[in-house]
Amino acid sequence: MEPERAQTGGCTVVVKINLISVGTRMPDWVQQGMLEYSKRLPADFSFQCIEVPLGQRSKNTDPRQAIEREGEALLARLTPRDHVVALDVLGKSLSTEAMAARVGDIRDNGRHLSLLVGGPDGLSPACLARADERWSLSALTLPHPLVRIVIAEQIYRVWSVLNGHPYHRA
């Protein structure tokens, strides 16, 4: 049985979800984990990870310079159609159902979702200012490789909630 798809005037609504993250060259297990969930998604609910390089840090440089460069690289990947969510420890904590409702609203409004993940020192003030919302994955500090897999799994889970798929059984 084909899951129900969001329809507007007889047309299927497509949502692109981009995880735009600081850091490159993730271990193979991260790529495999993200691929496992992204390949389960239908074409009208696409998910991809876009990597930007980590800003150079040294004993002799101000970390704010690296944060600023990372922020510029993250913002350069956005489009005007994007609904931007900064993933931030001080952001709003959402249940899976609440996240599904937000993503459904974003999709139904014809926007794409871009989730921003900063480097080891967090997101730049410019990224936080550009964000439409701030979400927190956890009060815990999570390593960047794990964040990517958690997001990929939650995006698949969000899709399952929105489409009545049995994967989500809460």
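Okay, residues lined up against (1) free of Cβ contacts under 8 Å to residues at least 40 places away in the same chain; (2) within 17 Å of MET26 (Cα to Cα):
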residue: ASP105; (1), (2): yes, no
residue: ASN109; (1), (2): yes, no
residue: SER114; (1), (2): no, no
residue: VAL117; (1), (2): no, yes
residue: LEU123; (1), (2): no, no
residue: ALA131; (1), (2): no, no
residue: SER136; (1), (2): no, no
residue: ALA139; (1), (2): no, no
residue: PRO143; (1), (2): yes, yes
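So, ARG57, is that one assigned to a loop (DSSP other than H, G, I, E, B), charged (D, E, K, R) and modelled with pLDDT of 90 or more or not? It is false that ARG57 is assigned to a loop (DSSP other than H, G, I, E, B), charged (D, E, K, R) and modelled with pLDDT of 90 or more.
The values are calculated or read from the model by the stated rules, or taken from the named source; none is laboratory data. What you are looking at is a predicted structure, and each value in this text was computed from that prediction instead of being measured. When we count neighbours, we look across all protein chains shown, and the Cβ atoms used for this are built from the backbone with ideal geometry, even at glycine.
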